[in-house]
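Worksheet for the structure shown next.
The values are calculated or read from the model by the stated rules, or taken from the named source; none is laboratory data. Keep in mind it's a predicted model, so treat the numbers as computed, not measured. Cβ atoms come from the backbone with ideal geometry, glycine included; neighbour counts cover every protein chain shown.
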């Protein structure tokens, strides 16, 4: 009897469905966006026949869109920075704090991830709105006369984005700190380093990979966030992701929308690469 | 930083993380017609409005249906891929891992856009659920993969070989040896896929057909024009549902779900 070639090809059948799924529905569609960005705009259809560079020309000739990319990047930077500052101490505590506190803290950091993004953004509209809890409380206490502008602006978007993405900053930093041998810090202390020095010279540099991962994750997530900016920013402040989705869904400008999406992705990627290089240099030095 | 100060700092951050969620839950019991804080008396009024709102109920049914289908498909494909990854990938291990995690690492909005174009280019359109389910499977696949491959870490291929030498066929080996060992990972991964699919917004939003809404989409549409506590009641039910899935899997089934 002929031995079937199962032995060699059998295992490949295990990965085949996943490979086909990712190939057909992830790789091809991503390549398709690039093609789409060079297509002619259509009349009454999402796109027309033929190819053009016009979609990119429209982007570069209209300062409105460039300004919007800059705003989006700026919101991304601030969100990332605030997440880092707020998240690092929490990550440290989760990694090194008392164990009773740790399990609870870990659950508290993870639980927001289980609540849908629409609901979390909605929670912020209840808090930040002109008639929201914060403004009413402050008015009630007589601290302010009129409502503070907390929503429908970049401030509100950043507050909500920080909330949504903070766990993505805390978790990588936490695992980086967990990976540091505590005896290194103890050794530094025994050699006379102060708490601050031991943190600055030992813990912080060794946790840089976690910081890098967290920052990149949060930055990329905030550039591409759609729900939060569109619910909190309303019609007044639009980030690039909101403009892109509007261009695709509301006005059916698929080629131009693709060009916008790609321009945002490319600028975002450039900053990620620069940041990656800088941090690698830092921890080699 | 001194210790008490540090503890207080962390507590403030935890409060910050929970605040918007707690606010939604509290607001849902508001007796008044508008969102006010503190609530004007407690009532289940908005829950009744919600349960009698056919639009939201239909959206919940759609969401549950899609999440179930997604869970089954993603569970099967993800488990198979994890089995390949642990036992057969060899030199390709890192490549397989990165590829399987790719949907998680790529921006969701870009994946959603690319899928929208794609289903139109191949003539699938958004008139049926195919595009949306493909999107949900893509986005949930990494979670099944992570959980199943984590549960297989302690798996020894020798066990399977031993069973084979005793005459067990391919399927019997899977059913009697592999499956009992990886069961916690499979169940955990599937439940997590269910939750993610139930909550995911952007992919559903881009790939939804006319008159076909999942719960997050319906909620989003509602929130653009309405400010009644009904949305809070809807949100609270959704939160309770996902939390119930997690608590049941972790406390009752004793599973450890891996999210990352």
Single residue of B:205, B:192, B:174 found to be at the interface with another protein chain (Cβ under 10 Å from one of its Cβ atoms) and more than 24 Å from residue B:53 (Cα to Cα): B:192
In segment B:196-213, the residues that are buried (at least 24 other Cβ atoms within 10 Å of the Cβ) and under 12 Å from the mean Cα position of the chain (by Cα): B:196, B:197, B:198, B:199, B:200
Residue A:216 being in a helix (DSSP H, G or I), away from chain B (no Cβ under 12 Å) and surrounded by 16 or more Cβ atoms within 10 Å (Cβ to Cβ): no
Verdict on residue B:75 being over 19 Å from the mean Cα position of the chain (by Cα) and more than 9 Å from chain A (Cβ to nearest Cβ): no
Among the candidates B:49, B:86, residue that is touching a residue at least 12 places away in the same chain (Cβ under 8 Å), in a helix (DSSP H, G or I), surrounded by 15 or more Cβ atoms within 10 Å (Cβ to Cβ) and within 12 Å of another protein chain (Cβ to nearest Cβ): B:86
Test for residue B:180: is it assigned by TED's automatic domain parsing to the domain that holds residue B:160 and in contact (Cβ under 8 Å) with a residue 40 or more places away in the chain: no
Residue identified as away from chain A (no Cβ under 12 Å) and either surrounded by fewer than 14 Cβ atoms within 10 Å (Cβ to Cβ) or free of Cβ contacts under 8 Å to residues at least 40 places away in the same chain (or both) among B:42, B:18, B:104: B:42
Qualifying residue in segment A:75-94 (condition: assigned to a helix (DSSP H, G or I), more than 21 Å from residue A:229 (Cβ to Cβ) and away from chain B (no Cβ under 12 Å)): no
Filter result for the condition that a residue is more than 30 Å from residue B:111 (Cα to Cα) and in contact (Cβ under 8 Å) with a residue 12 or more places away in the chain, over A:190, A:198: A:198
Residue B:66 being buried (at least 18 other Cβ atoms within 10 Å of the Cβ), more than 13 Å from every other protein chain (Cβ to nearest Cβ), at pLDDT 90 or above and farther than 24 Å from residue A:83 by Cβ: yes
Residue that is modelled with the highest pLDDT, among those in segment A:189-212 that are outside any helix (DSSP H, G or I) and more than 23 Å from the chain's Cα centre (by Cα): A:191
Any hit, segment A:92-99, residues being surrounded by fewer than 19 Cβ atoms within 10 Å (Cβ to Cβ) and either at pLDDT 90 or above or touching a helix residue (DSSP H, G or I) at 6+ places or on another chain (Cβ under 8 Å) (or both): yes
Conditions (1) farther than 24 Å from residue A:212 by Cβ; (2) touching a residue at least 12 places away in the same chain (Cβ under 8 Å); (3) not in a helix (DSSP H, G or I): number failed by residue A:122: (3)
Matching entry among A:17, A:49, A:4 (being at pLDDT 90 or above and within 14 Å of chain B (Cβ to nearest Cβ)): A:17
Top-ranked residue in segment A:19-74 [being assigned to a loop (DSSP other than H, G, I, E, B) and within 30 Å of residue B:100 (Cα to Cα); ranked as nearest to the chain's Cα centre (by Cα)]: A:37
Unique match (being under 18 Å from the mean Cα position of the chain (by Cα), within 11 Å of another protein chain (Cβ to nearest Cβ) and buried (at least 17 other Cβ atoms within 10 Å of the Cβ)) among A:114, A:108, A:161, A:127: A:114
Of all residues making up segment A:130-139, the number that are at the interface with chain B (Cβ under 9 Å from one of its Cβ atoms), buried (at least 19 other Cβ atoms within 10 Å of the Cβ) and in a helix (DSSP H, G or I): 1
Set A:260, A:235: member being more than 16 Å from the chain's Cα centre (by Cα) and not in a helix (DSSP H, G or I): A:235
Yes/no for residue A:229 being part of a helix (DSSP H, G or I), surrounded by 23 or more Cβ atoms within 10 Å (Cβ to Cβ) and in contact (Cβ under 8 Å) with a residue 40 or more places away in the chain: yes
Residue check for residue B:139: in contact (Cβ under 8 Å) with a residue 60 or more places away in the chain, more than 24 Å from residue A:22 (Cβ to Cβ) and within 11 Å of chain A (Cβ to nearest Cβ): no
Checklist (1) within 12 Å of chain B (Cβ to nearest Cβ); (2) surrounded by 22 or more Cβ atoms within 10 Å (Cβ to Cβ); (3) touching a residue at least 12 places away in the same chain (Cβ under 8 Å) applied to residue A:175, failing item: (2)
Criterion (within 8 Å of chain A (Cβ to nearest Cβ) and surrounded by 16 or more Cβ atoms within 10 Å (Cβ to Cβ)) met by exactly one of B:229, B:184, B:216: B:216
